[in-house]
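Could you have a look at this structure, given as C-alpha cells, before my questions?
What follows draws every value from the coordinates through simple rules; no lab data is involved. All figures in this text were calculated on a predicted structure; none of them were measured in a lab. Please note: Cβ atoms are built from the backbone with ideal geometry, for glycine as well, and neighbour counts cover all protein chains shown.
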Amino acid sequence: MPRLRLVTFNIAHGRGLNPIQGTTSQGKLRSNLRRIATLLERLAPDVVALQEIDERSRWAGNFDHLDYLRVHTRFSHTVFGINNRRSGLLNLSYGNAILSRYPIRAAETVVFGQRQLGEKGFLYVELDVGGRCLPIVNLHLHFGSRTQRLQQLERLLEWLKEKHKLHAANWAVPPIICGDFNNPGTRDDATATLLSHLSEYCEYALHPALGLTFPSPLPQRALDFIFLPTGCAMARCEVVRSMLSDHLPVAIDFEF
C-alpha cells in the first residue's frame, strides 16, 4: 500500500502573527510565505490543504500566494477554491487551496454563502495516486456562530451524499476531510457533529486525538483536524510547532 503524508494549515493570509489584516508589507508577506515553503519542504508532505490563502488581494500584497508557494516548493499540481471575491480599489480573492505531488483529476469549490468578505466553503479534489482515486475535502467553517457551522456541515453532508452516489465506485477510499473547523473553546461541536454523521459511509477516525492548534504562540483551542476514513491505516499524526500563522499545521502519515 502507498504511504502518504497530508498537512492541513490555515496560513492566515500570509501575515504571520500580525493580528491586523492589511498592515503587513508585501516584503514581509513574501518573507513569511518563503518560511512557510521552507517548513513544507522540511515536513515533506505529498498533499497540503491550505485555508485563508489569497489569489490576489489588496490586503495581502496583491499577488498570488499559491503560485508563490508553488515556485518555492516542489509541488507539481495546485488548485484554488475561492470563497470570497471583490473587485475595485479594495479587491480581494481568497479561500482554500491544495498543493499536491500527485495529479489532480478533478476539483470543485462549494461556497456556503454570498458574502464578499468572511465567507467560508470547501474545496473538493480527486488525486490520481498511482492510478487510484484519492478524494479530499478541504473545509473551512464559520468562526463565530455554532448555528452557521452546523448549517454549513449540513450542506457538506448533503453534497457528500450526492457525490457518493455518483463517484463512490471510482474512489479508493471515501473522502478524507480536513481543515479549520473553528470549534469553540468550550466544546468540539463541529468535529463531533461531523464524525457522528460520517458513520453513514464508514468509520472515520479524527486526528489529532489530542493537541491544540490555536493560537500558535500559546495554543488553547483545537480547531484544525483531519478525518481519515476506513481504508487509511497505520496513521501517525502530529501538531507541528511553528510561528508562521496564528494556527499550527497538522501533519498525518497514513497508508491507503
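Taking a virtual spin label 7 Å from the Cα of Arg155 along the C-beta vector, which residues in segment 47-77 bring their backbone nitrogen under 20 Å of it?
50-55
Taking the Cα centroid of segment 182-256 and of segment 46-93, what is the distance between the two, rounded to the nearest whole Å?
One Cα centre to the other: 23 Å.
Only loop residues by DSSP count here, and only those with at most 12 other Cβ atoms within 10 Å; note down the GluC sites (Glu not before Pro) in segment 198-256 that meet that.
Numbers: sites: Glu200, Glu203, Glu238, Glu255; in loops: Glu200, Glu203.
Answer in residue order: Glu200, Glu203.
What are the chymotrypsin sites (Phe, Trp or Tyr not before Pro) within segment 14-79 that DSSP puts in a loop, where the Cβ has at most 15 other Cβ atoms within 10 Å?
Details: sites: Trp59, Phe63, Tyr68, Phe75; in loops: Phe63, Phe75.
Answer in residue order: no site qualifies.
Considering amide H positions built from the backbone, and no H for Pro or chain starts, which residues 5 or more places from His77, or on another chain, come under 5 Å of its amide H?
Ser100
For the chain, what ratio Rg/Rh do Cα atoms give with a Kirkwood hydrodynamic radius? Mind dumping the intermediate values first?
On the way: Rg = 16.9 Å, Rh = 18.2 Å.
Looking at the chain, the ratio lands at 0.93.
Now for a separate question. Between Ser242 and Glu200, what is 0.36 nm times their sequence separation minus the Cα-Cα distance? Round to one decimal in nm.
Numbers: separation 42, 0.36 × 42 = 15.12 nm, distance 3.61 nm.
Between Ser242 and Glu200, full extension yields 11.5 nm more.
What distance in nm lies between label points placed 7 Å from Cα along the C-beta direction at Ser76 and Arg56?
Result: 2.8 nm between the two label points.
Let me ask something else. Quote the FRET efficiency, to the nearest 0.05, computed for Arg34 versus Arg5 with a Förster distance R0 of 25 Å and r equal to the Cβ-Cβ distance.
Details: r = 21 Å, r/R0 = 0.84.
So, using R0 = 25 Å, E works out to roughly 0.75.
Here is a follow-up. Which of the aspartates and glutamates could a cross-linker span from Lys120 if the Cα-Cα distance has to be under 12 Å and same-chain partners fewer than 8 positions apart are dropped?
Filter leaves Glu52, Asp180.
Rounded, prolate or oblate: which fits segment 1-143 when a ≥ b ≥ c are the square roots of the eigenvalues of the alpha-carbon gyration tensor, with rounded for a/c under 1.5 and prolate only if a/b beats b/c? Present the calculation step by step, with values, prior to reporting the outcome.
Working: a/c = 2.14, a/b = 1.36, b/c = 1.58.
Oblate, since a/c reaches 1.5 and b/c is not below a/b.
When the helices in the chain are scored as -39500 (n - 2.57) per DSSP H run of 4 or longer and the sum is shared across all residues, what 222 nm value do you end up with, to the nearest 500 deg cm²/dmol? Before the final figure, lay out each step's value.
On the way: 4 runs with 57 residues, N = 256.
Value at 222 nm, helices only, nearest 500: -7000 deg cm²/dmol.
List the trypsin sites (Lys or Arg not before Pro) within segment 119-201 that DSSP assigns to loop and that have no more than 14 neighbouring Cβ atoms inside 10 Å. Provide the component values of the computation, followed by the final result.
On the way: sites: Lys120, Arg132, Arg146, Arg149, Arg155, Lys161, Lys163, Lys165, Arg187; in loops: Lys120, Arg187.
When the trypsin sites (Lys or Arg not before Pro) of segment 119-201 are filtered for loop state and at most 14 Cβ neighbours within 10 Å, Arg187 remain.
Using the number of other C-beta atoms within 10 angstrom as an exposure proxy, rank Ser245, Ser93, Ser196 with the fewest first. Present the calculation step by step, with values, prior to reporting the outcome.
Details: Ser245 24, Ser93 18, Ser196 10.
Ascending number of Cβ neighbours within 10 Å: Ser196, Ser93, Ser245.
With Cβ to Cβ distances under 9 Å as the rule, what net charge do the other residues near Ala12 carry (K, R +1; D, E -1)? Could you put the intermediate results ahead of the total?
Values: positive: Arg15; negative: Glu52, Asp246.
Result for the neighbourhood of Ala12: -1.
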